[in-house]
Amino acid sequence: DSAESINTDIITMSRFILEKQRTNAKHATGDFTLLLNSLQFAFKFISQTIRRAELVNLIGLAGASNSTGDQQKKLDVLGDEIFINAMKASGNVKVLVSEEQEDLIVFPANHGTYAVCCDPIDGSSNLDAGVSVGTIVSLFRLQPGSTGTIADVLRNGLEMVGACYAMYGASTHLMLTTGDGVDGFTLDTQLGEFILTYPNLSMPLEYPIYSINEGNSLYWDERIQTFINDLKKPQEMLNGKPYSARYIGSMVADVHRTLLYGGLFAYPCDRKNKNGKLRLLYEAFPMAFLVEQAGGRAVNDRGERILELTPRHIHDKSSIWLGSSYEVDRYLKHIDKN
Ligand code: P6P
């Protein structure tokens, strides 16, 4: 870059969070700022680990197994350990739900006032194909007077105080909401900082893309098959063109594209997955919060708003239809009619 083209006033995520803390009562204690900083550390560490491990796995660099000959840990186990340690070290996380852990994790020594739910490496089955994967997180404040129990995470979606995901793609992207809009950041690996790149993101109100695993279509409810087939017909508003299909099979990548381009992402229930496949606490909830904060919608097969649901178990699943308000409303009208 020639000297004059360098932006010398970049906004790092750390600076962004501190500025929010000054202007936003919710962040006033500084605890929330500390938590968000612990989260971004975890994302940086997981990002670096994934990029390094890929080479180690692929070409068996020395060090693929440690001195005692332990097998190279699977990346989702590594991601989980990194995340648990970062939340424990933050001091202000009291309870943690992880997709990789059957039971709730409590940090008794932490004075924490937060409950965190996460999928440390979502889409890990795609890793060996080099497809983008991500970490998805939802944040709750402990119930008043709580010392940290399962009740602090079996909450209604509207009680979330924050949600974010990191997507480990060509770059590492981070999308964050704390309840007043969505802001996006991109990791500058030289600086080791997330830089604000999508301030106050709002998603397109409509876009002719639908994203669903058509391999399940014979197992869907009849009304869902009809709805998806209708999108394949010539659309009047598209001058006779049909919708396009885009399905990566990694939720973070499919939702990231939907946030930026618009359109519809869905994982409905089917005869194989009677309650859906995606998990409520650390996939559907955080993605629904982010999409709504960007001006979109998120509902389940029955048209209920995802954020108004409450899990009975920490690994409860839910169907989900999320994306641009036009496309989701079109689904809602379709099921009301039928
Ligand atoms: P299917 C990845 O395994 C995942 O949990 C999500 O990231 C993704 O959206 C979904 O499952 C893909 O599931 O059945 O289409 O392969």
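Here, each number is a calculation from the coordinates, and none is a lab measurement. Since the structure is predicted, the reported quantities are computational estimates derived from the model, not experimental observations. All Cβ positions, glycine included, derive from the backbone under ideal geometry; neighbour counts span all protein chains shown.
Here the 3J(HN,Hα) profile of region 169-179, calculated from phi with Karplus coefficients 6.51, -1.76 and 1.60 at θ = phi - 60°, is x, 4, 10, 9, 9, 10, 10, 9, 10, 10, x Hz, Gly and Pro shown as x. Sequence-ordered 3J(HN,Hα) estimates for region 235-251 from the Karplus curve with 6.51, -1.76 and 1.60 and θ = phi - 60° stand at 9, 4, 6, 10, 6, x, 8, x, 5, 9, 9, 9, 9, 8, x, 10, 4 Hz, glycine and proline given as x. Modelled spin labels at Arg246 and Arg330, positioned 7 Å past Cα toward Cβ, are 1.5 nm from each other. Taking the longest Cα principal axis of the chain as reference, the axis of helix 222-231 is set at about 90 degrees. Between the alpha-carbon centres of region 179-245 and region 268-338 there is a gap of 14 Å.
About the centre of its Cα atoms, the chain shows a dipole size close to 460 debye [charges on the beta carbon of Lys, Arg (+1) and Asp, Glu (-1) only; nearest 20 debye]. Treating r as the C-beta distance of Leu191 and Thr29 and R0 as 35 Å, the FRET efficiency rounds to 0.80. Distance from a point 7 Å along Cα→Cβ of Met237 to each backbone N in region 289-305: keep the residues under 14 Å and list them by number. Counting only backbone N, you get 297.
Which links in Lys317/Lys337; Lys44/Lys232; Lys233/Lys272 stretch past 30 Å when you go from one Cα to the other? Cα-Cα > 30 Å for Lys44/Lys232; rest within.
I need the calculated FRET efficiency for the pair Asp128 and Asn37, taking r as the beta carbon distance and R₀ as 35 Å, to the nearest 0.05.
Numbers: r = 32 Å, r/R0 = 0.91.
FRET efficiency, Asp128 to Asn37: 0.65.
Computed from Cα atoms, the angle from the helix 75-90 axis to the main principal axis of the chain rounds to 60 degrees. Placing pseudo-labels 7 Å out from each Cα toward the beta carbon at Tyr219 and Ser171 gives an inter-label distance of 3.7 nm.
Among Ser14, Ser125, Ser324, the largest mean-square fluctuation in a Gaussian network model of the chain (Cα springs under 10 Å) belongs to Ser125. Beta bridges per DSSP, both residues in the chain: antiparallel share near 85 percent.
Helix 325-337 and the longest principal axis of the Cα set of the chain meet at an angle near 50°.
Available extension along the chain between Arg305 and Ala89 is 74.3 nm, counting 0.36 nm per residue and deducting the alpha carbon span.
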